[in-house]
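Only one structure is covered here, and it is reproduced in the block below.
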């Protein structure tokens, strides 16, 4: 039975990155970026990145990193069968991070910039109806919800001791120190966000995702009719006064729901 | 799906405490500060409060504590957010037990960080801002030496940022040996301008983003 059901489901995805009010004020570019693809066999790959505020080319770094990470996963022509091997999943995510790092370094060399000028965080997620895997360097959070309504933080913000520090893809040992998480459980929703939304979406003291934040958003993405309208609504939400009162940072949110 | 759906009306936010930006003022209240110096310092503290609360984020994020050192060391003000900070009126007498004062300030920071961690409060790198018109006096030399070693280790491991401001007859060379950063020499008794700067700096730090190189305002009130 479950086979027929799962063949009928498909991913509905909505994602947006918007510029924080502090960056608007300073006429800076939004330094967040995201990229996603639904690959054959119901495999969703998504990447988000937050270019460092102090990096001259933070926007370039985050765009290149997310594009390269998604392309790397895409090139492997993976199947859900292959993803049943933990080793395969680990190498898939590691390769995606390596590809992203290499792409950023090549851009730095091509433009005679330093790696620090393109410093960026990176989260790469691969999700199927049977589970989800994430690799994360630096800040931000990836979450997933199972059929029972359990909402799990797959990763946690890696912000060092102080809130204004984090690790970056461009750091020499970034890939060795990345968080890797694999959750094998039938899932219905995944979400990925950058640090601008962290304080609104996560109960930091217990390190748990805030259900009243995610559940209405998951409901929203599950019921999308028109993709461009949905994206507009998400952008409007990220720019709403309720959010900008609480954070002036760039914001990125990727939401996905398995829909029958 | 209706295009009139307003996500901001249905999505609720987690309630996390504001990140905190702790700042200890470590103040010399020895006898030599008596008179105009201590009055100017008191006036400066008022300014510090006024300037911090002008910035609504800084008012909620910057936490001020005051430790004084003379013949003894006193916590005049334990950590309090800027909006609730009520500047004390300090008086000056006695010796200059600076080493013990530095130890106390570092202890306070350690305790505060433990409290932040226990309560899931994010925080910025703490600052200690020491103001003195002299040099250590009236305590054993090894207390000063221990304080200095501890301070240097804490700076090296980024546990704290320690700034020293020398007033008038301060022994700048001796102060330079105690801390890691070069001490700054206050011009005259320009405490008001110094505290305006400190407030602006704390405001900048308390709103800095991940890995921002925090650009501090230029120092117009003193010299290195």
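What follows is calculated from the coordinates using simple rules that are stated; it is not laboratory data. Computed from a predicted structure; not experimentally measured. Positions of Cβ are backbone-derived with ideal geometry, glycine not excepted, and every protein chain shown enters the neighbour counts.
Can you give the angle from 0 to 90° between the axis of helix B:141-156 and the longest principal axis of chain B, with both taken from C-alpha atoms, to the nearest 10? Taking the Cα atoms of chain B, the angle to B:141-156 is about 30 degrees. Only Cα pairs under 8 Å and 6+ residues apart enter the sum, and on that basis the relative contact order of chain A stands at 26 percent. Full extension of the chain segment joining residue A:173 with residue A:90 gains 28.2 nm, where the gain is 0.36 nm per residue of separation less the Cα-Cα distance.
For a paramagnetic label modelled at 7 Å from the Cα of residue A:219 toward its Cβ, which residues of the range B:9-28 fall within the zone defined by backbone nitrogen distances under 19 Å? Under cut-off, by backbone N: B:9-15. Overall shape: prolate for the protein assembly as shown, with the ratio a/c of the largest to smallest alpha carbon gyration tensor axis at 1.5 or above and a/b above b/c. In this calculation the C-beta distance from residue A:229 to residue B:12 is compared with R0 = 25 Å, giving a FRET efficiency of 0.60. Shown is the FRET efficiency for residue B:71 and residue A:239, computed with R0 = 56 Å from the Cβ-Cβ distance and rounded to the nearest 0.05: 0.45. Here A:86, A:117 are placed in order of increasing Cβ neighbour count within 10 Å, fewest first, which gives A:86, A:117. Here the extension length gained between residue B:119 and residue B:80 equals 12.5 nm, from 0.36 nm per residue of separation less the Cα-Cα distance. Placing a label point 7 Å from the Cα of residue A:106 along the Cα-to-Cβ direction, the residues of the range A:37-68 whose backbone N falls under 17 Å of that point are A:60-68.
Neighbouring Cβ atoms from other chains, within 10 Å of the Cβ of residues in A:159-169, number 6 on average. Summary value for the range B:86-224: 21 percent relative contact order, contacts being C-alpha pairs under 8 angstrom separated by 6+ residues. Take the Cβ atoms of residue A:259 and residue A:77, set R0 to 22 Å, and the FRET efficiency comes out at 0.35.
Using a ≥ b ≥ c from the Cα gyration tensor of the range A:134-260 (square roots of the eigenvalues), is it rounded, prolate or oblate, where a/c under 1.5 gives rounded and otherwise the larger of a/b and b/c decides, a/b for prolate? In terms of gyration-tensor shape, oblate.
Computed from label points 7 Å out along Cα-Cβ, the spacing between residue B:54 and residue B:146 is 4.3 nm. Classified by the C-alpha gyration tensor, the range A:3-259 has an oblate form. Its axis ratio a/c, with a ≥ b ≥ c, is 1.5 or above, and a/b does not exceed b/c.
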